[in-house]
There are 2 protein chains.
Amino acid sequence: MQSGESNPLREKLNREMRSGLYALFILKAVEELGDTYGYEIVKYIEERSGGRIKLRDATVYPILRYFTKRRVLESYWTEPDVGLPRKYYRLTPDGRRFLKELFEDYRDLKSVAERILEGDGR
Amino acid sequence: MQSGESNPLREKLNREMRSGLYALFILKAVEELGDTYGYEIVKYIEERSGGRIKLRDATVYPILRYFTKRRVLESYWTEPDVGLPRKYYRLTPDGRRFLKELFEDYRDLKSVAERILEGDGR
DNA sequence: CGGACTGCATAACGCTGTTAGGTATATAAC
DNA sequence: GTTATATACCTAACAGCGTTATGCAGTCCG
């Protein structure tokens, strides 16, 4: 994208690698930002990744609703005097624990991937 | 699985995180093993990951064919005097270059994930 | 008044891995 | 001899995901 890539197969596999981390990125963003909303999450991840991860809103909003349904997040609407209504999200206590577990899994996967791909630990 | 996990949501997100790396794991296995075949790839990855990554054959064989169609891999059958016929795969020259690129992308994603999740580099 | 940015939502689509089968040989256990 | 396990490959049906495309709507700038 920013580098002159144009290999469709490479881009496809890149998307696949990234997409598995979206849910974790979003939860982490909510943890970092405190009470926050979809659009801000997208911007936060984009900025944090140096512009390398650009989530679509059609990716983020369903994930937020999905987590809300499962009590990982909770949400509420605000009606500001000026501007559009916003739907805010924050981690529930269960969600906080869940994010910790998921983060451990991520670390574990990282070490497994390093073993397979970079020959560490053997 | 081996640890007493039984949180379906956690398992689902774990699967998603892992699945994005399958193609890369398989290509890396072919690079490491030289001429090799599906069953051996599954065992190699399982052993290399300390039993944490167990690919299904129904996952691996379609991926091998997919890469073969795109000239990343090439394949040939062997008819041993004893045992079952095997379909061997190896990297093509293009495939070798492609794997290098993909490996760079993986390293890049890893660093981006660390920036977002572990607060490195900021 | 038009464009860019903000802010949320849903439907249709394509692509993946999973699940669940099928076929087949070799070997060890009972 | 028959069952179980390991080896070795394949395909079809399904569920789930992100992408694409589209809609609505307020704010701000030129």
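Taking the accessible area of segment B:8-118, probe 1.4 Å, and keeping the other protein chains in place, the carbon and sulfur fraction comes to 48%. I need the fraction of alpha carbon pairs in the protein assembly as shown separated by more than 26 Å, rounded to a whole percent. In whole percent, the share of Cα-Cα pairs in the protein assembly as shown beyond 26 Å is 46.
For segment B:8-118, what is the accessible area per residue in Å², given a 1.4 Å probe and the full set of protein chains? Show your work: numbers first, answer last.
On the way: 5930 Å² over 111 residues.
Accessible area per residue: 53 Å².
The heavy atoms of residue B:84 offer some 140 square angstrom of accessible surface to a 1.4 angstrom probe.
What do you get when you divide the Cα radius of gyration of segment B:10-122 by 2.2 N^0.38 Å, with N the number of residues?
Details: Rg = 16.0 Å, N = 113, 2.2 N^0.38 = 13.3 Å.
Relative to the rule-of-thumb radius for its length, segment B:10-122 sits at 1.21.
For chain A, the longest principal axis of the C-alpha atoms and the axis of helix A:57-69 are separated by about 70°.
Roughly how large is the A-B contact in terms of buried accessible area, totalled over both chains, probe 1.4 Å, nearest 100 Å²? Numbers along the way, then the final one.
Values: alone 9270 and 9320 Å², together 13920 Å².
Approximately 4700 Å², summed over both chains.
The modelled label-to-label distance for the pair residue A:87/residue B:103, using points 7 Å beyond Cα in the direction of Cβ, is 4.4 nm. With point charges of +1 on the Cβ of Lys and Arg and -1 on the Cβ of Asp and Glu, referenced to the Cα centre of chain B, which listed residue (B:111, B:66, B:44) lies farthest in the positive direction of the dipole? Value computed over the given set: B:66.
Computed from backbone phi, the HN-Hα couplings of segment B:83-97 come to x, 8, x, 10, 9, 8, 10, 8, 6, 7, x, 4, x, 5, 5 Hz, rounded to whole numbers (Karplus: 6.51 cos²θ - 1.76 cosθ + 1.60, θ = phi - 60°; Gly and Pro given as x). In the context of the full protein assembly, residue A:114 retains an accessible surface of approximately 40 Å², using a probe radius of 1.4 Å and ignoring ligands and nucleic acids.
Reported to the nearest whole Å, the Cα centre-to-centre distance from segment A:53-122 to segment B:1-53 is 23. Label sites at residue B:54 and residue A:59, each approximated as a point 7 angstrom past Cα along Cα to Cβ, lie 3.1 nm apart.
For segment B:8-118, what does the relative contact order come out to in percent, with C-alpha contacts under 8 Å and a separation of six or more? If you can, show how the numbers build up before the last one.
On the way: 94 pairs, mean separation 27.4, N = 111.
The value is 25 percent.
Peptide B:11-19 has a mean of 6 when you count, residue by residue, the C-beta atoms of other protein chains within 10 Å of its C-beta.
What you get for segment A:21-118, charging only the Cβ of Lys and Arg (+1) and of Asp and Glu (-1), is a dipole of about 240 debye around the Cα centre.
Other residues within the sphere of radius under 11 Å centred on the Cβ of residue A:91, judged by their own Cβ, net out at +1 (K and R +1, D and E -1).
The values are calculated or read from the model by the stated rules, or taken from the named source; none is laboratory data. Since the structure is predicted, the reported quantities are computational estimates derived from the model, not experimental observations. Positions of Cβ are backbone-derived with ideal geometry, glycine not excepted, and every protein chain shown enters the neighbour counts. SASA here: full protein model, heavy atoms, side chains in, ligands and nucleic acids out. Shrake-Rupley method; radii C 1.70, N 1.55, O 1.52, S 1.80 Å.
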